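In what follows, a structure is listed as structure tokens, so that the remarks can point back to it.
The values are calculated or read from the model by the stated rules, or taken from the named source; none is laboratory data. Keep in mind that what you see is a predicted model, and the values were worked out from it rather than measured. Note: ideal-geometry Cβ built from the backbone for every residue, glycine included; neighbour counts use all protein chains shown. We work out accessible area using only protein heavy atoms, side chains counted, and drop any ligands, DNA or RNA first. Shrake-Rupley method; radii C 1.70, N 1.55, O 1.52, S 1.80 Å.
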Amino acid sequence: MPSPEARPAAGPEAFCIDLRVYYQDTDAGGVVYHANYLNFFERARTEWLRHLGYDLRAMAQAGHLFIVRRLELRFLRPALLDDRLRVSVEVEHVGRAQLTLRQRACRDAQDLVEASVNLACVEGGSFRPTALPGTLYAELAPSASTIRQNERSKRGRHS
């Protein structure tokens with residue numbers, strides 16, 4: 001596990017979980033198979049929602065499902081068998097019926113994979129777009145504003 005000083009490049013608003021890379025996650029060369037990062041990111045998103053007090057099963061029973069609308073991955077370095085990874089979730093954008101999350105998989109303080117995940121909230125039976133639950137929207141909207149402000153200030157320093 002990373003030391004307390006060795007944090008991934010995720011911002012202060014990030015929620016993180018730690019995972020171990022098992023043999024089942026790797027290819028014959030001991031490198032994490034690219035599609036398995038989707039499982040790592042899904043697990044982190046589920047734990048993040050649980051941490052916020054939202055149970056996916058209860059949300060589904062109430063008629064709210066999240067579906068992946070768009071997914072963009074950037075592979076930077078490989079994760080290897082038995083690595084300890086930290087997988088993060090940050091809110092990038094919140095709309096009334098969708099949200100975009102920034103996710104990272106890191107080993108120690110080194111980014112391995114970055115993802116942008118756009119999720120749509122849909123009704124369970126029809127799969128038509130529906131508004132995010134009001135309490136979830138209210139909780140996430142300020143986080144998205146903070147991340148946008150941080151990104152603007154970073155761009156300003158690098159110009």
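Things to note:
- Among the candidates Leu76, Leu49, Leu81, the residue that is surrounded by fewer than 14 Cβ atoms within 10 Å (Cβ to Cβ) and of a type in the set (A, V, I, L, M) is uniquely Leu76.
- Checklist (1) farther than 17 Å from Pro133 by Cβ; (2) open to solvent by less than 60 Å² (accessible area, probe 1.4 Å); (3) under 13 Å from the mean Cα position of the chain (by Cα); (4) polar (S, T, N, Q) applied to Asn39, failing item: (2)
- Residue match in the stretch 87-95 (condition: hydroxyl-bearing (Ser, Thr, Tyr) and more than 22 Å from Ile17 (Cβ to Cβ)): no
- Residue pairs meeting the criteria (Cβ under 8 Å; at least 6 apart or on separate chains; first more than 21 Å from Phe15 (Cβ to Cβ) and in contact (Cβ under 8 Å) with a residue 12 or more places away in the chain, in the stretch 74-89; second of a type in the set (S, T, N, Q) and surrounded by fewer than 24 Cβ atoms within 10 Å (Cβ to Cβ)): Arg77/Gln110; Leu80/Thr26; Leu81/Thr26
- Leading residue by the ranking (surrounded by the most Cβ atoms within 10 Å (Cβ to Cβ)) among those in the stretch 116-141 that are assigned to a loop (DSSP other than H, G, I, E, B) and of a type in the set (A, V, I, L, M): Leu132
Residue-wise test of (1) in contact with a Phe, Trp or Tyr (Cβ under 9 Å, 6 or more places away or on another chain); (2) charged (D, E, K, R).
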residue	(1), (2)
Gly30	yes, no
Tyr33	no, no
Phe41	no, no
Ala44	yes, no
Gly53	no, no
Phe66	no, no
Glu72	no, yes
Leu112	yes, no
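- Members of the stretch 29-39 that are over 14 Å from Val68 (Cβ atoms) and out of contact with any helix residue (DSSP H, G or I) (no Cβ under 6 Å at 6 or more places or on another chain): Gly29, Gly30, Val31, Tyr33, His34
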